[in-house]
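*Asks:* Structure provided below as structure tokens; questions to follow.
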């Protein structure tokens, strides 16, 4: 994530790829690589990794949020709404209310309001 945050999405993709190679069941690595793909304008590859992340970990709320954002960018409002609804319900069901959970719920709620 530091590589991505520092503006090196291509290097982040490579590093997440290594993690996935050795830990193919680690959903968060697919999510991280998807974020790097998005930063590098590779939406189709990002969607593939986001699909894999939610397949591996169906309760990964942030993956639904990121995938919902990507659907919005691609002009697919119906799938965006579905993913954002799922993200919001997962964030709201979280037992621990971290800043990430609160921010994710707020973002999902705001994007859903924009769709309506």
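The values are calculated or read from the model by the stated rules, or taken from the named source; none is laboratory data. Nothing here was measured: the structure is a model prediction, and the numbers come from that model. So basically every Cβ, Gly included, is an ideal-geometry build from the backbone, and we count neighbours across all protein chains shown.
*Asks:* Checking residue 49 against (1) in a helix (DSSP H, G or I); (2) in the same structural domain as residue 5 (by TED's automatic domain parsing); (3) modelled with pLDDT under 95, which single condition isn't satisfied?
*Replies:* (3)
*Asks:* Please enumerate the residues belonging to segment 43-78 that are without any contact (Cβ under 8 Å) to a residue 24 or more places away in the chain and more than 14 Å from the chain's Cα centre (by Cα).
*Replies:* Once the filter is applied, which keeps residues that are without any contact (Cβ under 8 Å) to a residue 24 or more places away in the chain and more than 14 Å from the chain's Cα centre (by Cα), segment 43-78 yields 75, 76, 78.
*Asks:* Then there's this: I'd like the full set of residues that are touching a helix residue (DSSP H, G or I) at 6+ places or on another chain (Cβ under 6 Å) and either over 18 Å from residue 94 (Cα atoms) or assigned to a helix (DSSP H, G or I) (or both), limited to segment 52-61.
*Replies:* Those that are touching a helix residue (DSSP H, G or I) at 6+ places or on another chain (Cβ under 6 Å) and either over 18 Å from residue 94 (Cα atoms) or assigned to a helix (DSSP H, G or I) (or both): 52, 53, 54, 56, 61.
*Asks:* Looking for whichever is assigned by TED's automatic domain parsing to the domain that holds residue 9 and assigned to a helix (DSSP H, G or I) here; the options are 68, 32, 110, 104. Which one fits?
*Replies:* Values: 68 fails: assigned by TED's automatic domain parsing to the domain that holds residue 9; 110 fails: assigned by TED's automatic domain parsing to the domain that holds residue 9; 104 fails: assigned by TED's automatic domain parsing to the domain that holds residue 9.
Criteria check complete, one pass: 32.
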